[in-house]
Amino acid sequence: MNKADRWIHQKQLIQLISAHFKEVTRQPAVIFWGIIFPILMALGLGIAFTRQPDIVRHVAVIEENADKSAEIAENEKTESLIDHFLETHASKTAGSDGRPPQYKITLTDEKLGNTTFIFTKTDWRHAMVRLKRGNIGIIMDEKNGRIQYHFDPSNTDAHFSYLKLSKIFNPNSAPYEVTSDQETPDQKSVSVRPLTVPGTRYIDFLVPGLMAMGIMMSCMWGMSYGMIDKRAKKLLRRMVATPMKKSYFLISLMTVRIAMNLIECTLLFFVAWLVFNITIQGSVAGLLAIFLAGNIAFGGIAIFISCRTDNTEIGNGLVNAVVMPMMVLSGVFFSYHNFPDWSIPFIQKLPLTLLTDGLRSIFIEGAGFAGVMFPTAVLLSIGICFFSVGLRFFRWH
Amino acid sequence: MKNEPVIDVRNVHKSFKNVYAVKGIDFKIFKGQSVALLGPNGAGKTTLMEMIEGIQKPDTGDIFINGRKWKGNERDLHRIIGLSLQETRFIDRLTVTETLKLFAAFYELGQARVDEITRIIGLDEKTRSYVVNLSGGQRQRLALGIALLNNPQILLLDEPTTGLDPNARREIWSILGSLKKHSQTSLVLTTHYMEEAERLCERIIIIDKGQILKQGTLAQLVEENNGDKVIEFAIEESGTAIHRQRLESEFQIVWDDNGDKGFITLSRIENQLPEFLNVLNRNNLRLRHLECRRKTLDDVFTSMTGRRLSE
Ligand SMILES: Nc1ncnc2c1ncn2[C@@H]1O[C@H](COP(=O)(O)OP(=O)(O)O)[C@@H](O)[C@H]1O
Ligand SMILES: [Mg+2]
C-alpha cells in the first residue's frame with residue numbers, strides 16, 4: 001500500500017467512524033438508555049442496598065427514687081448519673097396518659113448506621129415484664145455511683161446495646177479491658193472497625209456488574225441493530241458497491257461502540273465515586289485491558305449473530321437469546337454462587353461472567369494486570385473467533 | 001478501441017428458489033449511449049441490473065464491463081461505476097452533506113466535489129437537513145448525487161423516479177438530461193414509465209418475464225409492423241365472441257388481457273378510422289370508448305403481451 005492509498009483508507013475509516021458516531025449520538029434514546037439509565041440504576045440500587053436502616057432499641061432505666069420517698073430525694077439533691085446524663089444529652093418527650101417521660105438519644109454513624117436509644121424510667125417489676133416480653137433488651141440502674149447494665153449475656157442484641165450504651169455513659173472507659181499485642185492498651189485507641197469500608201458494600205459489587213452489563217447490552221443491541229438495519233435498508237449493499245473497505249465498516253461500528261462504552265463506564269464510575277466513594281483498588285491498565293477485551297468479545301458475538309439476517313425482529317430474538325441467559329446467570333446484580341454447585345463452572349465460563357468477575361477483581365479485590373490476564377485472553381479469543389466467523393459469512397447484499 | 005462495448009451482457013440466466021427471473025439476456029452497450037430497460041414489475045430488471053453492478057452473480061452467462069469480468073476486478077470497476085439501487089435508505093440522522101461526505105470518502109473525494117454535487121442535484125438549501133426529513137424526490141436526488149460523485153463512466157440507475165410525483169420526476173429528468181449533454185457517461189436505467197424511456201434514452205430494451213421482447217430506438221420500436229398510430233376502443237357488451245369475430249375478420253386487433261379493450265395499429269387514421277366506424281355500424285356495435293393517437297411503447301408492449309406496462 002503506498003502512501004496515498006493509506007491516506008484514502010484512513011479517510012474512509014475516519015468518515016465511517018464519524019458517521020456512525022453521529023448516527024448513535026443523535027438518538028436521544030441512546031443517550032438515555034445507554035448512559036443515564038445505568039447511572040440512575042446504580043444510584044437507586046446503591047442507595048437502597050447500601051444505607052443501613054436506623055436501629056431503635058428500648059432501654060429501661062430503674063428509678064431508685066421511685067421506691068424511696070420523694071422528700072429524701074429532693075432533700076439530698078443527689079441527682080443520679082443516669083438522670084443527669086439524660087437530662088443534659090437526651091431529648092425528652094413527656095409521657096402522655098400518666099406514663100413516665102421518655103428520653104431519646106440518637107447516635108449518628110455514617111459507617112454503621114444510626115442507632116436510637118429510647119430510655120423509659122420505670123421500676124424493677126415493670127422492667128422485668130418488658131424484658132420478658134422482648135420489648136427491651138437491657139435494663140440500667142445505678143449503684144454506688146456506678147452504672148450497671150442488666151441483660152442476658154446470650155442475647156447478642158442486648159450485648160450490642162450494652163456496648164453502645166457503655167460507650168455513651170462512660171466515654172473514657174472501654175467496656176472490656178482490651179489488650180492488643182501491638183498497640184498499647186490505650187483505651188481511647190480502641191475503636192470499632194466497621195466492615196463497610198469501600199470495597200465490601202453492595203454498591204462496590206454492583207458498579208462493575210453494571211459496567212459489564214452496559215458493555216454487553218450496548219455491543220449486542222447497538223452493533224447488531226447498526227448492521228441489520230443497514231442491511232434491511234439496502235444501505236450495506238449500496239456501500240459495498242463503492243471502493244469502501246468492508247472491514248472498515250465493521251471496525252468503525254466497533255470503534256464507536258467502544259467509545260460510547262468508555263464514556264458510559266467513565267461517567268458511571270465518576271458518579272459512583274462522587275456519591276459512594278467507590279474506588280479502583282487494582283491496576284488501571286488491567287482494567288483497560290479487560291474492558292477492551294469485553295468490548296471485542298461482545299462486538300464479535302454481535303457481528304456473528306447479525307451476519308446473515310436482514311430482519312430486525314429476528315435480530316432482536318437472537319440478541320435476546322444471547323443476552324437473557326447471561327443476565328440471569330452471570331451475577332450482575334447478585335452473586336451467582338447461589339446457583340447449584342454443578343452449574344458454577346459453566347457459569348464462570350460465560351463471557352459476561354468473565355467480564356463481570358474480571359472487572360470486580362480489579363475494582364474490589366485489587367487485582368493487578370496479571371490477575372486479569374486470563375479472562376482478558378479468553379474474552380479476546382471469543383471476540384476474534386466470532387468476529388472471523390461472522391465476517392466470513394457476512395451477507396453484504 | 002471505439003467499438004468495444006462498455007457493457008457486454010452475454011446469455012445471462014438467473015433463477016431464485018422458485019422464480020426464473022432472467023432467462024437468457026444478451027446486449028451490448030457502447031460508450032456514451034443511454035439505454036432504458038423498460039418492463040413491468042417483476043420483469044427481471046432489478047435482477048439484471050444488480051448482475052451488471054456486480055451485486056448478484058449470474059447462474060450462467062457472462063458480463064463484461066469495459067471488457068473485464070467482475071471477479072478480481074471489483075476495486076477498479078467500483079471506481080468507474082455510479083449506481084442507485086431501486087430503493088436505498090441512507091442513515092436517517094445524517095445530513096445531506098454528511099451523507100455525501102461519507103460516500104465521497106469512499107472514492108477519495110473531498111468537500112469540493114460534495115459542494116459540486118449538491119449544486120448539481122439542487123439540494124443547496126437542504127445541506128443541513130437530516131436525510132429522514134427529505135421528501136421522496138429529494139431523497140432520490142440525493143441517491144442520484146451519490147451515484148454521480150465519482151464522475152462515473154457508467155451510470156446505472158434502477159427505477160430512479162418510481163413513486164415520485166410528476167414534478168419530482170421532471171427534476172430528475174432534467175438533471176440526467178444535462179448530464180447527458182455535458183458528459184460521455186454511458187447510462188443504463190430501468191423503468192416502467194415509457195415517457196422516461198422515450199425521453200432519456202436513445203435505445204430502449206423492452207423486457208418481460210426475464211427475456212428481451214424487443215429493442216431499438218423509439219422510432220424503430222414504434223414504426224415496426226404497419227404503422228405508428230393506434231385506435232384504442234371498447235364496445236358495449238364487449239365480451240361476446242361473435243362481436244369479436246366480426247371485427248377481427250376486417251381488422252387486425254389486439255385485445256388486452258381482460259378482453260375489454262381492443263387495439264388496432266395503423267398508419268393512416270384518415271382512411272382507416274371511417275372504415276372502422278362503418279364496420280361497427282354494420283354490425284350494430286356501440287362504442288363505449290374510442291381513442292386515436294400516436295402509437296406508444298405501451299402499445300408496443302401490449303401488442304406483444306396483451307398487458308399494459310404499468311398496471
Ligand atoms: N432475492 C430474490 N429471491 C427470490 N425471488 C426474487 C429475488 N429477487 C427477485 N426475485 C423475483 O425475480 C423476479 C424479477 O424480479 P426483479 O428483478 O426485481 O423485477 P423488476 O425489477 O423488473 O420488477 C420477480 O418475480 C421477483 O419476485
Ligand atoms: Mg425492480
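Here are the numbers:
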{"read-out": "Rough spin-label spacing in nm, given labels placed 7 Å along Cα→Cβ, for A:TRP33 and B:ASP62", "value": "5.2"}
{"read-out": "Inter-label distance, nm, simple model (7 Å from Cα along the C-beta direction), A:LYS349/A:LEU107", "value": "5.1"}
{"read-out": "Scattering curve values for region B:229-294, log₁₀ I(q)/I(0), Debye with Cα scatterers, q = 0.13, 0.15, 0.16, 0.19 Å⁻¹", "value": "-0.30, -0.40, -0.46, -0.66"}
{"read-out": "Per-pair calculated FRET efficiency, R0 = 25 Å: A:PHE333 and A:LEU288 via Cβ, rounded to 0.05", "value": "0.55"}
{"read-out": "When region B:1-119 is reduced to its Cα atoms, the Kirkwood hydrodynamic radius in Å", "value": "16.4"}
{"read-out": "Efficiency of FRET between B:ASN271 and B:ASN41 - r from beta-carbon atoms, R0 41 angstrom, step 0.05", "value": "0.60"}
{"read-out": "Tail beyond 26 Å, pair distance distribution of region B:7-219 (Cα, percent)", "value": "33"}
{"read-out": "Footprinting exposure proxy for A:MET227, A:MET327 (fewest neighbouring C-beta atoms within 10 Å first)", "value": "A:MET327, A:MET227"}
{"read-out": "Lysines with Cα under 28 Å of A:LYS167, excluding same-chain neighbours fewer than 8 positions away", "value": "A:LYS77, A:LYS92, A:LYS104, A:LYS111, A:LYS121, A:LYS132, A:LYS143, A:LYS188"}
{"read-out": "Integer Hz, Karplus 6.51/-1.76/1.60 couplings in order for region B:68-79, x for Gly and Pro", "value": "10, 7, 5, 4, x, 10, 3, 4, 6, 5, 4, 6"}
{"read-out": "Whole-Hz ³J(HN,Hα) from phi, Karplus 6.51 cos²θ - 1.76 cosθ + 1.60, for region B:198-204, glycine and proline x", "value": "4, 7, 9, 10, 7, 10, 10"}
{"read-out": "A:TRP342-B:SER310 pseudo-label distance in nm [points 7 Å out on the Cα-to-Cβ vector]", "value": "6.8"}
{"read-out": "Other-chain or far-sequence residues with amide H under 5 Å of B:ILE7's (modelled H)", "value": "B:ILE29, B:ASN66"}
{"read-out": "Per-residue HN-Hα couplings for region A:301-314 [Karplus 6.51, -1.76, 1.60; θ = phi - 60°; Hz; x = Gly/Pro]", "value": "4, 4, 5, 5, 6, 10, 7, 10, 6, 10, 10, 5, 5, 4"}
{"read-out": "Ranked list, fewest to most other Cβ atoms within 10 Å of each Cβ, for B:ASP124, A:ASP357, B:ASP260", "value": "B:ASP124, B:ASP260, A:ASP357"}
{"read-out": "Burial ordering of B:LYS295, A:LYS167, A:LYS132, A:LYS246, fewest other beta-carbon atoms within 10 Å first", "value": "A:LYS132, A:LYS246, A:LYS167, B:LYS295"}
{"read-out": "Simple Cβ-charge dipole of chain B, Lys/Arg +1 and Asp/Glu -1, about Cα centre, in debye nearest 20", "value": "640"}
{"read-out": "Cα-centred dipole magnitude for the protein assembly as shown, charges only on beta-carbon of K, R (+1) and D, E (-1), debye, nearest 20", "value": "2360"}
{"read-out": "Partner lysines for B:LYS295 [C-alpha distance under 19 Å; skip if fewer than 8 residues away on the same chain]", "value": "B:LYS214, B:LYS229, B:LYS261"}
{"read-out": "Two-site FRET efficiency, B:ASN284 against B:SER129, from Cβ-Cβ distance with R₀ of 41 Å, rounded to 0.05", "value": "0.05"}
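We did not get these values from a lab; they are worked out from the coordinates using the rules stated. This one's a predicted model, so the numbers in the text were calculated from it and none came from an experiment. A quick note on method: Cβ atoms are made from the backbone with ideal geometry, for glycine too, and the neighbour counts reach across all protein chains shown.
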